[in-house]
Amino acid sequence: MLRHAILGVGGVGGLVGACLARSGAAVTLVVRPSALSSYSQQLRLESPFGSFSVPVELASTVPEVDVVWIAVKATQLNSALSSFPANPSVSAIVPLLNGIEHIAVLRAHYGSGCVIPATIAVESERVSPGHIVHRSPFARLNVWSRGRELLQETVAHLQKIGFNCRFVDDEPTLLWSKLVFLAPLALVSTVTGKTTGEMFANPDWWQQLQDCVREVCAVAQAEHATVDAEAVISTIRALPGNMRSSMQKDVAQRKQPELDGIAGPILRGGARHGIDVPVVRRLANEIAQMAQTSPLSNIG
């Protein structure tokens, strides 16, 4: 089996790492040097897929492995790469970050050959170091099809555990298909402070969600992604009613939200293609004020 390293052991990275280790793969968690001595070598997961603890290795820099999964917040990417050597001895780098533009950053660092874009749709969070709670009844992993040969066995193991996985041929469609779903939920839930069910029940908030989806889909289509706004709206409406977005949680906990990573590609893409996105812009500016972060002057 392949050897895996997880860079960013939060909700997503911890979930993937725990499930890979559960399948029998060798998994190394890359943690801060200051946390290395106190971090548990057992990764604990509570999930609809089962609750268990699995042994893992620890390191402060990315070791020699086959696959590196990057699951840090978009706001933490540049600092996280300091623990990743410039010429890594790895076969694949699989980023699971929110957004679009991190792919170009990683390819600039490591070349285009080993970066395999992927997306994950899930609600999962780290409640303490090494303890992950997977809250949504699903975990949907999509991987660019150029990684099929290397990652097919790994993906099959994740599917056996409970993931819904598929390989996607078209890179813009792969990346934008998540953003057209994530961005409206993240932006509207953060501004309203409400769960999915509460947003669905309020006509004004539900209309904002739909308008936001249509704006993001218009930009995605201009960026050559194949997306359908009405299908996305139907998928969102079918979500469990108790879900909250990670951006919503970050702002509530006074953490820096991934505003540039999530809203930035939409606003910059809209500006490039002459597409007005007033709902996205208004929501992004409200969140910037809520989070007391810098104005989005570089976004549009």
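Laboratory data are not the source of any read-out in this text; all were calculated from the coordinates shown. None of the values given here were measured: they were computed from a predicted structure. Cβ: placed from backbone, ideal geometry, glycine included. Neighbour counts: every protein chain shown.
Kindly provide the pair-distance distribution of the range 137-250 built from C-alpha pairs, with 5 Å bins from 0 and whole-percent values in order of increasing distance.
Taking all Cα pairs of the range 137-250, the binned fractions are 2, 12, 19, 19, 18, 15, 10, 4, 1, 0 percent.
Quick one: net charge of residue 238's neighbours, Cβ under 14 Å, K/R +1, D/E -1? Show your work: numbers first, answer last.
Details: positive: 140, 237; negative: 230.
So the surrounding residues net to +1.
At a 10 Å Cβ-Cβ cut-off, how would you order 109, 273, 4, fewest neighbours first? Please list the in-between numbers first.
On the way: 109 16, 273 12, 4 24.
Placing the least packed residue first, the sequence is 273, 109, 4.
Would you calculate a helix-derived [θ] at 222 nm for the chain, using -39,500 (n - 2.57) for each DSSP H run of n ≥ 4 and dividing by the full residue count, to the nearest 500?
-13500 deg cm²/dmol
Mean separation of Cα pairs under 8 Å and 6+ residues apart, divided by the residue count of the range 32-160: what relative contact order is that in percent?
Details: 175 pairs, mean separation 29.5, N = 129.
Normalised by residue count, the contact order of the range 32-160 is 23 percent.
Let me check the size of the chain from its C-alpha atoms; what are the radius of gyration and Dmax in Å?
Rg, Dmax (Cα atoms, Å): 18.5, 52.
Be a star and scan the range 103-142 for residues whose amide nitrogen sits under 14 Å from the point 7 Å along the Cα-to-Cβ vector of residue 38.
The answer is 128-130, whose backbone nitrogens lie closer than 14 Å to the label point.
With θ taken as phi - 60° and the coefficients 6.51, -1.76 and 1.60, list the Karplus ³J(HN,Hα) couplings across the range 272-281 in order, rounded to whole Hz; mark glycine and proline as x.
Per residue, the Karplus-derived 3J(HN,Hα) values read 4, 9, x, 9, 7, 10, x, 5, 4, 5 Hz.
HN-Hα J couplings of the range 196-212 from phi, Karplus 6.51/-1.76/1.60, θ = phi - 60°, integer Hz, Gly and Pro as x?
Here the 3J(HN,Hα) series is 4, x, 5, 5, 4, 7, 9, x, 5, 5, 5, 5, 4, 4, 5, 4, 5 Hz.
Please list 12-20, 194-202 highest first by mean number of surrounding beta-carbon atoms within 10 Å per residue.
Working: 12-20: 27.9, 194-202: 16.6.
Sorting 12-20, 194-202 by mean packing, highest first, produces 12-20, 194-202.
Under 19 Å from the Cα of residue 73, which lysines turn up, not counting those fewer than eight places away in the same chain?
178, 249, 255
Pull out a ≥ b ≥ c, the square roots of the eigenvalues of the alpha-carbon gyration tensor of the range 218-292, then state rounded if a/c is under 1.5, prolate if not and a/b is larger than b/c, and oblate in the remaining case. It would help to have the intermediate numbers written out before the result.
On the way: a/c = 2.46, a/b = 1.20, b/c = 2.04.
Oblate is the answer for the range 218-292, as a/c is 1.5 or above yet b/c matches or exceeds a/b.
What net charge do the residues around residue 252 carry, taking every other residue with its C-beta under 13 Å from that of residue 252, with Lys and Arg at +1 and Asp and Glu at -1? Display every interim value, and only then the final one.
Numbers: positive: 194, 244, 249, 254, 255; negative: 125, 250.
Residues near residue 252 contribute +3 overall.
Cβ under 13 Å from residue 16's Cβ, residue 16 left aside: what net charge do those residues give with Lys, Arg +1 and Asp, Glu -1?
On the way: positive: 22, 126, 140; negative: none.
So the surrounding residues net to +3.
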